[in-house]
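> The structure follows.
Any read-out appearing in this document is the output of simple, stated calculations on the displayed coordinates, not a laboratory observation. Predicted model only: the values in this text are computed from it and were never measured. Glycine also receives a Cβ, built like all others from the backbone with ideal geometry; neighbour counts cover every protein chain displayed.
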Amino acid sequence: MLIMGVWHGAGWNFVLLGIMHGAAVATFSIWMRLKIKLPNALGCFLTFNFINLSLIPVRVKDIGETIRVMKSMFGLNGVPLSPLYSAQGAAETSMILSSLTAAVLIAVVQVTRNSTELAKAFRPNMWYLLLTIVLFLIPVFNITRNVKQFIYFRF
């Protein structure tokens, strides 16, 4: 996985990306050998948050900024993450609301149909065709707005 990180870019951030993914694969392998079974909701939660953390090195300029962003995500750099955190007790309330929101969203994902089930039930018609055309044309007409440099042009 370290090679995968270096393959994606020539910088320490991409080495960190490879190390993080290698550690995740190793952890999963150990869990499988030890027959550790996580509940689906917890597995989804951990995977989602790991992917969010591991994509930080891809988007920032250097390893120092990567560490600073990660520390900010966990509230470890001394800067409030939100105006709510400045009021006493608001941090706990925000964490509770965030946890409840995540729990509700995970529950929704667990009880709704997945993409395979939706694909089997899909029946093409004129409305889907029109919707697809409109959804295709929106980014086409907005492509010149807010143009950013392609991420691999930095190397």
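> Given labels modelled 7 Å from the Cα in the Cβ direction, how far is it in nm from residue 67 to residue 19?
The two pseudo-label positions are separated by 1.0 nm.
> What does the charge dipole of segment 20-81 about its Cα centre add up to, to the nearest 20 debye, if the Cβ of each Lys and Arg holds +1 and the Cβ of each Asp and Glu holds -1?
Dipole size: approximately 200 debye.
> Let me ask something else. Can you list the HN-Hα couplings for segment 51-56, worked out from phi with the Karplus curve (6.51, -1.76, 1.60; θ = phi - 60°), rounded to whole Hz and with x for Gly and Pro?
My calculation for segment 51-56 gives 4, 4, 5, 6, 8, 4 Hz in order.
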